[in-house]
1. Within segment 193-201, identify whether any single residue is under 17 Å from Asp272 (Cα atoms), assigned by TED's automatic domain parsing to the domain that holds Asp294 and in contact (Cβ under 8 Å) with a residue 12 or more places away in the chain, and answer yes or no.
2. Quick check, is Ser37 without any contact (Cβ under 8 Å) to a residue 40 or more places away in the chain, hydroxyl-bearing (Ser, Thr, Tyr), at negative phi and surrounded by fewer than 19 Cβ atoms within 10 Å (Cβ to Cβ)?
3. Check Val190 against each of (1) more than 30 Å from Arg262 (Cβ to Cβ); (2) touching a residue at least 60 places away in the same chain (Cβ under 8 Å); (3) of a type in the set (Val, Ile, Thr) and name the one condition it does not meet.
4. Count, please, the residues in segment 111-127 that happen to be touching a strand residue (DSSP E or B) at 6+ places or on another chain (Cβ under 9 Å) and either small (Gly, Ala, Ser) or at pLDDT below 95 (or both).
5. When segment 313-343 is examined, which residues are found to be at pLDDT 95 or above and of a type in the set (Val, Ile, Thr)?
6. Within segment 341-359, identify whether any single residue is within 26 Å of Ser215 (Cβ to Cβ) and either surrounded by fewer than 23 Cβ atoms within 10 Å (Cβ to Cβ) or out of contact with any strand residue (DSSP E or B) (no Cβ under 6 Å at 6 or more places or on another chain) (or both), and answer yes or no.
7. Taking only segment 3-27 into account, find how many residues are surrounded by 23 or more Cβ atoms within 10 Å (Cβ to Cβ) and on the phi > 0 side of the Ramachandran plot.
8. Note down all Cβ pairs under 6 Å where the first residue falls in segment 60-76 and is surrounded by fewer than 23 Cβ atoms within 10 Å (Cβ to Cβ), the second is part of a strand (DSSP E or B) and not β-branched (Val, Ile, Thr), and they're at least six residues apart or on different chains.
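The values are calculated or read from the model by the stated rules, or taken from the named source; none is laboratory data. None of the values given here were measured: they were computed from a predicted structure. Cβ coordinates were reconstructed from backbone atoms using ideal geometry, including for glycine residues, and neighbour counts include every protein chain displayed.
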Amino acid sequence: MKTSDLLVKALENEGVRYIYGIPGEENLDLLESLRTSSIELILTRHEQAAGFMAATYGRLTGEPGVCLSTLGPGATNLVTAAAYAQLGGMPMIMIGGQKPIRTSKQGRFQIVDVVNLMKPVTKYSRQVVDGYHMPSMIREAFRVSMDERPGAAYIELPEDIAEEESSATVFDVVGHRRPDASEQSIDLAVEMIRKAQAPLVLIGAGANRKRTAESLRALMDCTGLYFFDTQMGKGVVDERHPQYIGTAALSDNDYLHSAIERADLIINVGHDDIEKPPFYMHKGGRQVIHINFDAANIDEVYFPQLNVVGDISNSVNRLADKLGRLPQEFDFFARVRDEVDSHLTRYFNDTRFPILPQALVSLLRDHLDAEDIVTLDNGIYKIWFARNYECHAPNTLLLDNALATMGAGLASAMTAKQLNPDRKVVSVNGDGGFLMNCQELETAVRMGLDLVVIILTDKAYGMIKWKQEGIGFENFGLDFNNPDFVQFANSFGATGHRAESHADFVDILEAALAGKGVHVIDLPVDYSMNHAILNKLLKESAAID
């Protein structure tokens with residue numbers, strides 16, 4: 001069969017259901033092979049969005065999402081999405097086209113060395129030079145992409161290789177069990193936890209990837225340990241748990257940092273050093289147990305005293321079995337939890353308009369079920385969602401605290417809805433980030449998705465403006481104008497709405513969540529209280545004793 005047919009057979013063999021992307025003339029043989037396959041091609045309007053969609057597929061399923069581009073500018077448009085998947089620990093396969101490599105028809109026209117370009121932002125980047133190698137390359141790309149730590153892989157298929165005949169056959173998909181931690185490391189961890197006066201659990205992004213919710217919940221219930229999470233670790237354990245303290249959305253000076261400062265031992269489960277560190281280590285200070293699939297990377301702020309290396313869920317289960325109910329008193333952590341609960345709800349019922357981000361968080365939480373999904377683009381509102389939005393299940397608040405790119409919020413929501421048609425999905429975007437990939441509204445409408453898209457409008461790059469103001473610089477270079485988002489949405493076949501008051505937004509939100517199709521809501525937002533809230537937070541959190 002043709003190498004392009006062989007590629008499709010290999011993808012089917014890996015269980016691929018969708019390919020997101022934009023084909024070019026260099027992909028035409030592959031496109032023809034896909035036409036008669038079981039794989040559905042989701043045609044997007046920009047390669048970057050295709051990459052974001054594929055990465056989100058990997059994030060939600062644990063299996064690589066697949067995206068497609070042509071050569072040159074199509075492939076370079078995937079670079080940001082590759083970094084998004086690579087830093088975020090999301091398995092993803094990118095397939096790119098290329099001019100013929102045996103004979104040149106057009107000199108260097110459109111030719112970029114994409115294979116080497118992709119190497120710094122992928123785990124695997126190869127060009128197919130002979131159809132015979134295609135099956136092994138696909139199997140290896142999938143294996144590498146899924147292996148801890150997950151990430152992106154790139155395969156380039158030149159035009160002439162795609163059309164040549166090959167007698168190769170696909171490889172069997174062979175999984176493997178991750179090794180368990182040694183008994184000695186488990187016993188050392190038990191000893192350290194028992195000796196600590198104030199041990200505290202941190203749940204990171206790595207724990208969210210491997211669905212360790214049941215094991216971690218059992219650990220908290222069995223031992224009485226209190227816990228907090230990182231932004232990408234949110235929801236691994238239901239945040240309604242009585243021992244949950246909060247999310248490390250700020251680098252310091254938050255209520256939960258009072259608990260971190262009091263802790264003499266951090267049990268760090270699923271640490272991912274791509275995320276901003278929620279605490280810094282100092283020599284002679286608190287001790288850290290690192291529980292993960294791999295040993296910790298050592299740097300100036302993170303150098304654990306113990307590595308428990310192996311399958312996370314297995315390690316946590318064994319710790320719970322050996323520890324039992326701990327004798328330590330956790331009264332201080334309980335007080336911090338109560339202060340956090342009191343603070344987070346302070347602006348939930350505020351009805352001023354433009355809306356406060358905290359009030360938006362409250363409204364969405366009240367209108368969504370435990371398994372419904374909110375996806376975020378990147379902006380200042382992400383801090384308030386990370387701090388204030390109570391996650392009841394894993395991967396129900398999809399935010400990016402790794403690459404932290406703008407433009408991914410809508411695309412990630414589209415995949416989330418595609419994979420979870422029975423759940424409500426809401427995409428929250430700033431007006432800056434939304435306009436970076438707004439053309440995908442057409443894709444969402446064409447896919448027949450029932451989706452709610454909220455655009456928080458302040459006509460500025462609000463996060464940078466907030467930082468600029470905090471430093472004391474003059475307002476400069478960050479303001480812009482917007483199109484009429486209602487007409488814009490309607491022109492794509494979506495339904496546009498503009499909220500004129502807090503009560504008006506509530507009515508629109510309820511109707512949009514209950515309705516069919518894509519609903520786009522223009523919602524003015526008020527960020528003017530950010531500094532006041534955070535300054536007050538600094539004083540109040542420092543006073544906890």
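1. yes
2. Yes, satisfied.
3. That leaves (1) as the condition not met.
4. Residues that pass the stated criteria total 2.
5. Of everything in segment 313-343, just one residue is at pLDDT 95 or above and of a type in the set (Val, Ile, Thr), namely Val316.
6. Checked against the condition, which is being within 26 Å of Ser215 (Cβ to Cβ) and either surrounded by fewer than 23 Cβ atoms within 10 Å (Cβ to Cβ) or out of contact with any strand residue (DSSP E or B) (no Cβ under 6 Å at 6 or more places or on another chain) (or both), segment 341-359 yields at least one hit.
7. 1
8. As it stands, the answer is Thr70/Gly97, since those pairs meet every condition given.
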